[in-house]
Structure formats: structure tokens, C-alpha cells
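Participant: Next up is a structure, given as C-alpha cells.
The values are calculated or read from the model by the stated rules, or taken from the named source; none is laboratory data. Quick caveat: nothing in here was measured; it's all calculated off a predicted structure. Ideal geometry is used to build each Cβ from the backbone, glycine not excepted, and the neighbour counts take in all protein chains shown. Protein only, heavy atoms only, side chains kept; ligands, DNA and RNA dropped before computing areas. Shrake-Rupley method; radii C 1.70, N 1.55, O 1.52, S 1.80 Å.
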Amino acid sequence: MSAFSSHGGLIAIVKKAVKIYRREGLSGVKRGFRLLKRSIQISKDTRQNARNAKASQLAGHVEDNLRAADGAWEWSTYADVKARIQKTKTDLSSKRAIVPVSIFDFKDTELTSAASQINLLTPFSKPKVSIILPVFNNIKLTIECLASIAVSDSSINYEVIIADDCSTDSTSEVLKHVKHIKYFRNDRNEGFLKNTNRALGYVSGEFVLYLNNDVQVAGPWLSLLLGTFDEYPLVGAVGPKFVYPSGHLQEAGAALNLDGTSKMIGLNEAPSQARFSSTRRVDYVSGACLLSPTKLIKKLGGFSEEFLPCYCEDSDLCLQIQKEGFYVYCNSQVTIVHHLSKTTSDLGESFKLKCVYKNVQTLRLKWQEHLQKVSPTKVIAFYLPQFHPFPQNNQWWGEGFTEWTNVTKARPNFKGHYQPRYPADLGYYDLRLTQILVQQAALAQRYGVGGFCFYYYWFNGTRLLEQPLENMLKNKEPDFPFCLCWANENWTRRWDGQDNDVLMAQAHSPADDAAVIEDLMRYFSDSRYIRIDGRPLLLVYRVALFPNFAATAAMWREICRASGFGEIYLSSVESFDDVNGKRNPATFGCDATVEFPPHGMGEAVPVPGSLLNPQFSGTVANYNDVAVRFATRQAPAYTRFKSVMPGWDNTARRQDTSFCFNNSTPGAFQAWLEEAIEQTQQDRFGDEKLVFLNAWNEWAEGAYLEPDKRFGHTYLEAVRNAMDADLIKR
């Protein structure tokens with residue numbers, strides 16, 4: 001019984017399907033039935049796994065020292081690990097200091113005096129930025145906003161256009177005392193959207209900045225926002241990081257849900273966290289502070305009047321900008337204080353709620369096709385191709401050696417130690433048979449795995465384990481996404497990549513670097529190859545082994561451009577030398593890093609059961625502990641792809657000195673994977689919504705998703721459950 005395979009879970013998914021139908025009408029029927037179909041299949045799979053477990057136990061496949069996977073026990077850890085993850089996150093959050101922000105706070109009796117002291121820049125005839133400040137009453141907020149502009153960034157020439165929507169307070173009188181503003185007043189109240197659009201007619205700057213009067217800016221805010229257009233590609237709009245006056249984060253950009261509602265990224269968290277300090281793409285940025293080229297905004301006609309009188313017009317504008325081929329960025333180097341909703345406080349709560357409800361529906365209907373394509377997280381599993389004999393292994397290890405040779409020799413070191421491992425559905429397969437890879441891809445796809453990341457082995461011009469990949473290129477099957485990870489360490493007798501007992505050594509050099517990228521480009525040209533924004537994704541296992549990987553990366557990029565492939569997307573793996581993930585990948589020429597559990601997070605525990613192998617001197621760690629540590633790991637200020645492992649135990653390679661993570665179960669794995677997907681949905685955008693799994697078939701390291709005799713399909717079920725959980729949340 002999985003977390004979503006129980007009777008209650010089935011009912012929950014059926015209710016979700018019905019809800020989608022009611023909300024989206026006929027257009028949502030297909031998606032609703034898809035969820036229902038999944039729930040029915042999950043129920044069938046669970047019953048079959050229970051039967052397999054019982055049959056397996058009767059057949060003697062479950063050793064006497066192991067707890068039987070009976071359809072309930074293997075899922076029982078889900079709730080505990082989920083709760084531990086949440087508690088750890090809450091504890092970490094409570095320890096992060098939240099510092100109230102120093103802001104202007106004038107008394108009502110001081111407003112005229114304060115207005116006369118505001119010293120805005122004298123605008124040029126052609127300013128760089130036109131700041132549109134729509135106002136309706138709330139003169140206190142307006143003066144405080146203008147005061148903050150006046151004492152902040154003076155390096156950019158700007159003009160301030162105040163669009164007064166027929167205020168009934170002292171706005172017009174007080175603003176007479178503010179020098180260097182363009183001011184117009186509507187004869188009647190037009191509403192936020194029309195008022196703001198009218199202000200476009202007064203714009204003379206190269207860029208237009210929408211700015212609410214309930215914000216306060218500071219420092220070089222304007223020059224930093226403008227700098228985004230020079231530093232990043234295809235910028236169509238950029239916004240800042242917003243904080244409340246209390247110091248809590250309001251949002252670092254926003255994400256759109258399938259139904260048109262939105263999620264404020266980082267709401268109420270500590271804004272000082274590294275994950276909220278970088279510039280990154282988002283679905284949209286708030287119109288409370290949104291900078292865009294004037295030519296683009298005027299082409300789009302400003303805010304669409306479909307969203308009269310207000311709300312959702314900013315998310316619609318950002319979607320329009322993306323439709324034009326541009327990206328929307330949140331530049332978190334810029335922090336702006338936002339009171340939130342003060343500009344519409346006079347409208348009344350009931351009126352605002354009606355506007356929100358109406359315009360969310362308008363947004364959903366208008367952008368339904370786009371919203372349904374909003375990238376779900378793609379799960380990519382590392383794939384080991386060492387399941388076929390080849391000449392070098394025959395020479396080093398004996399005729400016919402494959403990974404299965406080690407797997408079948410493993411024995412338990414202590415009571416409760418899950419060894420040996422017996423494959424189920426696919427048996428002891430041979431990857432020389434193309435059909436095996438086709439079957440693996442079909443199994444992966446059925447359970448929501450979105451692609452394989454094959455280990456690629458190149459040693460100074462010599463390829464090893466290449467046959468499965470070559471067969472895939474030649475036969476054009478399976479039709480399944482894939483990418484490559486160059487396992488660029490030495491091939492050793494100890495299976496550790498170190499410098500002892502080297503069987504095949506690496507020879508990193510400029511000539512070798514050029515040769516390997518020429519070979520890799522054969523794969524990049526395949527239509528199945530995984531890309532990020534059109535850029536082929538290439539992982540490198542240990543960049544620290546290169547004399548200068550930044551130079552290698554630059555060479556690779558230049559060769560790919562010259563060969564017509566354009567840009568590539570490089571990611572280093574946080575293994576061995578980079579296990580703590582403290583180096584920004586940009587310092588060595590990469591775009592991102594990939595976590596690689598369990599590296600760096602395992603802590604030894606006492607052997608949990610009586611010894612069965614007196615020679616055992618290895619290490620045991622607790623799987624649940626490492627799951628919680630990785631799931632709650634502090635995200636960095638750069639792109640790091642989350643990774644999750646179903647288990648880890650290299651006893652098959654090192655019987656007496658192995659490192660194993662005890663108590664790994666599908667339930668704990670699912671809890672960890674759900675958290676990784678949720679964080680990815682918040683922190684990544686578009687094609688960068690990737691989570692890696694270590695691994696699909698690392699049988700000799702006890703890290704595999706493929707069915708075995710003990711657990712059947714339950715680890716694969718856990719992947720599908722986690723993907724469905726994300727779908728339901730969105």
C-alpha cells in the first residue's frame with residue numbers, strides 16, 4: 001500500500017479529476033481522465049506487488065534475516081520521513097534572523113514639508129527610464145515612495161510620471177510641492193489598469209518601469225535592474241526581490257499554477273538565504289516593480305483591458321512578453337520594500353476578491369494551452385551501461401564479466417542487511433540486445449521517469465561500454481530522452497576512480513578535450529537528446545581532475561559553435577572533490593551543478609544487527625537520515641539540480657569493506673523525492689526543472705529503480721506517486 005495507492009489515495013485522486021473537470025469544463029476532461037487512469041493503474045500495481053512479494057517469499061527469494069515487503073511495511077516510513085523533513089525545515093527557518101527594514105515613515109502633518117524636500121533628478125529630454133507611478137489616494141505612501149527614489153540610485157537618468165486616478169484626499173495639493181515630476185490627473189476614477197495605460201502616453205524613456213506607490217526602493221536598485229538586460233539573454237522584463245517592512249520575504253518572483261493562480265516564491269521566508277540572492281528566470285514578476293523596454297511595452301499596448309479593473313494584468317503582461325520570444329527575470333540583487341495591497345486598500349476586500357476570482361479565470365482561459373504546458377519537473381535517472389561483456393573486462397576480470405558477476409556474489413554482512421539483490425522483470429539482462437533498452441525505457445516512461453543520463457566512458461581516444469549507446473544511435477530506439485555524463489575518472493580495480501590499481505587512465509589534455517567533444521557531438525545531434533533552452537545538456541563527473549576545466553569548457557563551447565551546434569549546457573557533478581557543493585559552477589565554466597547522493601552526507605551508525613560476516617569492517621549509515629539531510633540542504637545562489645537515490649550499498653564490489661545505507665524503503669524514497677520536486681518547482685524555471693535519480697541500474701551499488709524480487713515495482717511506484725503529488729499541488 002503506497003502513499004497514493006490506498007483506498008483513500010484513490011478517492012483523493014478521483015476527487016481531483018472531478019475538480020479539474022468542474023473548473024476547466026470540457027478542456028479539462030482529458031487531464032482529469034489521465035489522473036483517474038493513473039490512480040486505477042496504481043491500485044492494480046499495488047495489488048500485483050503484494051502478490052509478487054508473497055510469491056517471492058514463498059519461493060525463498062526473501063532471506064530469513066529480512067523484513068518481508070508485504071505491501072504495507074515498505075511504505076510505512078513515508079509519513080515519518082516526510083514529518084522529519086518538515087520539522088527540520090521549520091527548525092532551520094526559525095533560526096534564520098529576520099531583520100525589520102528601515103523605511104520612511106512620515107507623519108500626516110509632515111507630508112507637505114517632506115514633499116518640498118524631495119530632490120528628484122532633473123530629467124533629460126530623453127531619459128533612460130520612465131517611472132510610472134499610478135496613485136489613488138494614499139498620499140502618505142506616495143511621498144514616502146518618492147523620498148526613497150530621491151535618495152537612492154542617482155547614476156541612471158529617469159523621469160517620474162505620476163498618474164493620479166482622481167484622488168479624493170490631498171494628493172494633488174501635496175504633489176504640487178514635489179519638483180521634477182510629470183503629473184496628470186484623471187477627471188474621473190478610471191481604475192488602476194486604465195490609469196496606468198494612459199500614463200504610457202507620457203513616457204519618453206528607453207525603458208518603462210511600473211512602480212506602485214506602496215513600495216520603497218534603496219541603493220543602486222535602478223542600475224542593477226537595467227544591468228539585467230546586458231548580463232542575461234533575451235530579457236523582456238525584470239523585477240526585484242520584494243520584502244515586507246517586517247523583513248520577511250514577500251516574493252523572489254512568482255510561479256503560475258495550472259489553474260492560473262500563482263505562487264509567491266519564498267513567501268515569509270528569510271530573504272538573506274542564498275537561494276534568493278541570484279538572478280533567475282521566473283513565470284512572472286509583480287507589476288509593483290516591473291522594468292521593460294518601452295518599445296516592447298508599447299507594442300503590446302501595456303496592460304490588457306481584459307483584466308479590468310485590476311489583478312492578474314501583470315502575469316498576463318509577462319506571458320505576452322514570453323510569447324514575443326523574451327524571458328522574464330527576477331533580479332534578487334535588488335531588494336524593494338512592498339507594503340502589499342495598500343494601493344487598492346480603498347477598494348474594499350469584497351471588491352478585490354471578486355476581481356481576483358474573475359481575472360484568474362480570465363487568465364486561465366486566455367492562457368490555458370500555455371499553462372498546461374508549464375513545465376513539470378522532469379526526473380532523469382543515471383544509467384550504467386556495464387551489463388554486457390567487452391574485451392577489456394574479459395581481460396581484467398575474466399571471460400564474460402559484467403556487473404552481474406559482482407551482484408550475484410554479494411552476501412549479507414549483518415542481520416537485516418539486504419544482500420544479495422535479485423533482479424525481477426528484466427532478469428540478468430545483456431545490453432548487447434537492443435530490446436532490453438527498449439523494455440527499460442518503456443518501464444521508466446510508464447512510471448514517470450523522463451529520461452536516462454548514460455555514463456559515457458572515454459580514455460584518451462578509447463571508448464568503453466559504448467555498445468548500448470551506439471546501438472541506440474544506430475537503431476533509433478528506444479524513443480526516449482537521454483543525455484550523457486562523462487565519467488572522466490580513472491578506471492581502477494578498486495572501483496573508486498582513484499590512482500591505485502589503475503586499469504585505464506584518463507589523459508586530460510587540450511588535444512584529448514577537443515577529441516572527446518567531437519565524439520560527443522554525434523549524440524548532441526540526436527533528436528532525443530535532452531536540451532535546456534535548446535542547448536544539449538552535458539554532465540562531467542569530476543571537473544577537478546582537469547588541469548583547467550574552465551579552459552576546457554571554453555574550448556568545448558567554441559568547437560560546438562563552430563560546428564553549428566550553438567551553445568551547450570554544462571553541469572558538473574558534486575562528487576568527491578566538489579561533494580560539499582561550495583564552488584559556484586561559473587568559476588570553472590559550467591552552468592550548473594548536480595547533487596550526487598550519498599556523497600558527503602553519510603554519517604556512520606553502529607551496525608544495526610548481529611554480524612553475519614566476521615570480516616566486515618565497513619561502514620553502515622541510515623538511509624532516512626541522509627534523505628532528510630539532502631532534502632533540507634541549503635540551496636546555493638546558483639543553479640544546482642537536486643538528486644535523490646533509492647538506496648546505496650556497494651557490498652557487491654567490496655564485501656568486507658563496503659559502505660551501505662540501511663533501512664532504505666520506497667516510502668522514505670518517495671518522501672525525499674517529493675521534497676526535491678517541490679523545491680525544483682519553486683527554484684527552477686522551464687527546462688531547468690530537472691531532478692536526477694542515482695540511479696536506474698547501479699545494482700552493484702544498491703542504487704537502482706529497476707524491479708527486484710523483494711520490492712517489485714514499488715520504487716518505480718514511488719516515482720510516479722511523487723510526480724502525481726506535484727501535479728495535484730499545481
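Participant: Of the residues in region 473-485, how many are at positive phi and open to solvent by less than 10 Å² (accessible area, probe 1.4 Å)? Reasoning before the result, please.
Facilitator: Looking only at region 473-485, we keep the residues that are at positive phi, and these are 476.
Add one more test, that the residue is open to solvent by less than 10 Å² (accessible area, probe 1.4 Å), and what stays is none.
Number of matching residues: 0.
Participant: Identify, please: which residue in region 683-697 is under 13 Å from Arg640 (Cβ atoms) and open to solvent by 20 Å² or more (accessible area, probe 1.4 Å) and is, among those, nearest to the chain's Cα centre (by Cα)?
Facilitator: My answer is Arg684.
Participant: I'd like to verify a number: residues in region 167-184 that are free of Cβ contacts under 8 Å to residues at least 40 places away in the same chain and buried (at least 22 other Cβ atoms within 10 Å of the Cβ), how many?
Facilitator: 1
Participant: When you go through Ser56, Ser102, Ser94 one by one, which is the residue that is under 30 Å from Ile139 (Cα atoms), at pLDDT below 95 and either in a helix (DSSP H, G or I) or not aliphatic (A, V, I, L, M) (or both)? Break it down stepwise before answering.
Facilitator: Values: Ser56 fails: under 30 Å from Ile139 (Cα atoms); Ser94 fails: under 30 Å from Ile139 (Cα atoms).
Unique residue meeting the criteria: Ser102.
Participant: Follow-up. Mind telling me which of the residues Pro636, Pro597, Pro646, Pro608 ends up being open to solvent by less than 10 Å² (accessible area, probe 1.4 Å), modelled with pLDDT under 95 and either part of a loop (DSSP other than H, G, I, E, B) or hydrophobic (A, V, I, L, M, F, W, C) (or both)?
Facilitator: Working: Pro636 fails: open to solvent by less than 10 Å² (accessible area, probe 1.4 Å); Pro646 fails: modelled with pLDDT under 95; Pro608 fails: open to solvent by less than 10 Å² (accessible area, probe 1.4 Å).
Matching residue, one of Pro636, Pro597, Pro646, Pro608: Pro597.
Participant: Give me the pairs, please: first residue somewhere in region 330-359 and more than 24 Å from His248 (Cβ to Cβ), second residue anywhere and modelled with pLDDT of 90 or more and open to solvent by less than 60 Å² (accessible area, probe 1.4 Å), beta-carbon distance under 7 Å, and either six or more positions apart or on two chains.
Facilitator: Sorted first by the residue in region 330-359, then by its partner, the pairs are Asp346/Phe136; Asp346/Asn137; Cys355/Tyr311; Asn359/Phe307; Asn359/Tyr311; Asn359/Cys312.
Participant: Also: Which ones in region 653-682 are open to solvent by less than 10 Å² (accessible area, probe 1.4 Å) and in a loop (DSSP other than H, G, I, E, B)?
Facilitator: Ser658, Thr665
Participant: Is it the case that Glu470 is within 30 Å of Pro376 (Cβ to Cβ) and surrounded by fewer than 19 Cβ atoms within 10 Å (Cβ to Cβ)? Walk me through how you get there before you give the answer.
Facilitator: Values: within 30 Å of Pro376 (Cβ to Cβ): no; surrounded by fewer than 19 Cβ atoms within 10 Å (Cβ to Cβ): yes.
Against the criterion (within 30 Å of Pro376 (Cβ to Cβ) and surrounded by fewer than 19 Cβ atoms within 10 Å (Cβ to Cβ)), Glu470 does not qualify.
Participant: A further question follows. Considering every residue within region 674-697, establish whether at least one is over 20 Å from Arg446 (Cβ atoms), modelled with pLDDT of 95 or more and of a type in the set (Phe, Trp, Tyr).
Facilitator: No; the residues of region 674-697 include none that is over 20 Å from Arg446 (Cβ atoms), modelled with pLDDT of 95 or more and of a type in the set (Phe, Trp, Tyr).
Participant: Could you tell me whether Tyr311 is within 30 Å of Ile149 (Cα to Cα), among the aromatic types (Phe, Trp, Tyr) and assigned to a strand (DSSP E or B)? Show your work before the answer.
Facilitator: Working: within 30 Å of Ile149 (Cα to Cα): yes; among the aromatic types (Phe, Trp, Tyr): yes; assigned to a strand (DSSP E or B): no.
No, not satisfied.
Participant: Going through region 561-616 one residue at a time, which ones are in contact with a strand residue (DSSP E or B) (Cβ under 8 Å, 6 or more places away or on another chain) and of a type in the set (S, T, N, Q)?
Facilitator: Ser571, Ser572, Thr593, Ser610, Asn613
Participant: Let me ask something additional. Yes or no: Phe351 of a type in the set (Phe, Trp, Tyr), modelled with pLDDT under 95, closer than 30 Å to Thr261 by Cβ and out of contact with any Lys or Arg (no Cβ under 7 Å at 6 or more places or on another chain)? So that I can check it myself, show each step before the final result.
Facilitator: Details: of a type in the set (Phe, Trp, Tyr): yes; modelled with pLDDT under 95: yes; closer than 30 Å to Thr261 by Cβ: yes; out of contact with any Lys or Arg (no Cβ under 7 Å at 6 or more places or on another chain): yes.
Considered against the rule, which asks whether it is of a type in the set (Phe, Trp, Tyr), modelled with pLDDT under 95, closer than 30 Å to Thr261 by Cβ and out of contact with any Lys or Arg (no Cβ under 7 Å at 6 or more places or on another chain), Phe351 comes out as yes.
Participant: Anything in region 683-713 that is part of a loop (DSSP other than H, G, I, E, B) and aromatic (Phe, Trp, Tyr)? List them, or say none. Reasoning before the result, please.
Facilitator: So in region 683-713, the residues part of a loop (DSSP other than H, G, I, E, B) come out as 684-685, 689, 694-696, 702, 705-707, 709-711, 713.
Of everything in region 683-713, those that are part of a loop (DSSP other than H, G, I, E, B) and aromatic (Phe, Trp, Tyr) turn out to be Phe685, Trp696, Phe711.
Participant: In addition: For the subset of region 558-576 comprising residues that are part of a helix (DSSP H, G or I) and open to solvent by 30 Å² or more (accessible area, probe 1.4 Å), which member is farthest from Val594 (Cα to Cα)? Step through it out loud before you land on a result.
Facilitator: Step one: filter region 558-576 for residues part of a helix (DSSP H, G or I), giving 558-562, 576.
Of the ones still in play, those that are also open to solvent by 30 Å² or more (accessible area, probe 1.4 Å) are 558-559, 561-562, 576.
Numbers: Glu558: 23, Ile559: 24, Arg561: 24, Ala562: 27, Phe576: 12 Å.
The selected residue is Ala562.
Participant: Got a sec? Which of Ile131, Ile161, Ile85, Ile156 is open to solvent by less than 50 Å² (accessible area, probe 1.4 Å), in contact (Cβ under 8 Å) with a residue 40 or more places away in the chain and part of a helix (DSSP H, G or I)? Break it down stepwise before answering.
Facilitator: Numbers: Ile131 fails: part of a helix (DSSP H, G or I); Ile161 fails: part of a helix (DSSP H, G or I); Ile156 fails: part of a helix (DSSP H, G or I).
Residue meeting the stated conditions: Ile85.
Participant: Additional query: For region 393-419, what are the residues that are of a type outside the set (D, E, K, R) and surrounded by fewer than 16 Cβ atoms within 10 Å (Cβ to Cβ)?
Facilitator: First, the residues of region 393-419 that are of a type outside the set (D, E, K, R): 393-398, 400-402, 404-408, 410, 412-414, 416-419.
Of everything in region 393-419, those that are of a type outside the set (D, E, K, R) and surrounded by fewer than 16 Cβ atoms within 10 Å (Cβ to Cβ) turn out to be Asn394, Gln395, Trp396, Trp397, Gly398, Gly400, Thr408.
Participant: In region 67-76, how many are closer than 19 Å to Gly609 by Cα and open to solvent by 20 Å² or more (accessible area, probe 1.4 Å)?
Facilitator: Total meeting the criteria: 3.
Participant: If you go through region 425-455 one residue at a time, how many are surrounded by fewer than 20 Cβ atoms within 10 Å (Cβ to Cβ) and either polar (S, T, N, Q) or within 30 Å of Pro614 (Cα to Cα) (or both)?
Facilitator: Here the count works out to 5.
Participant: Could you give every pair whose Cβ atoms fall below 8 Å, whose first residue belongs to region 576-589 and is free of Cβ contacts under 8 Å to residues at least 24 places away in the same chain and closer than 14 Å to Tyr541 by Cβ, and whose second residue is aromatic (Phe, Trp, Tyr) and not in a helix (DSSP H, G or I), counting only separations of at least 6 or pairs across chains?
Facilitator: Val579/Phe596
Participant: Please return the ranges of strands (runs of 3 or more DSSP E) entirely within region 185-296 where 3 or more residues are open to solvent by 40 Å² or more (accessible area, probe 1.4 Å).
Facilitator: 262-264
Participant: Shifting gears a bit: Here are some conditions: (1) buried (at least 21 other Cβ atoms within 10 Å of the Cβ); (2) at pLDDT 95 or above. Thr377 meets all but one. Which one does it not meet?
Facilitator: Only one criterion in (1) buried (at least 21 other Cβ atoms within 10 Å of the Cβ); (2) at pLDDT 95 or above is unmet by Thr377, namely (2).
Participant: Against the definition (farther than 22 Å from Tyr715 by Cβ and open to solvent by 10 Å² or more (accessible area, probe 1.4 Å)), how does Ala592 come out, yes or no?
Facilitator: Numbers: farther than 22 Å from Tyr715 by Cβ: yes; open to solvent by 10 Å² or more (accessible area, probe 1.4 Å): no.
No.
Participant: Against the conditions (1) in contact with a helix residue (DSSP H, G or I) (Cβ under 8 Å, 6 or more places away or on another chain); (2) modelled with pLDDT of 95 or more, where does Cys318 fall short? Just the number, please.
Facilitator: (1)
Participant: To continue, here is another question. Report, ordered by the first and then the second residue, all pairs with beta carbons closer than 6 Å, sequence separation of six or more or different chains, a first member in region 427-440 that is among the basic types (Lys, Arg), and a second member that is not in a helix (DSSP H, G or I).
Facilitator: Arg432/His388
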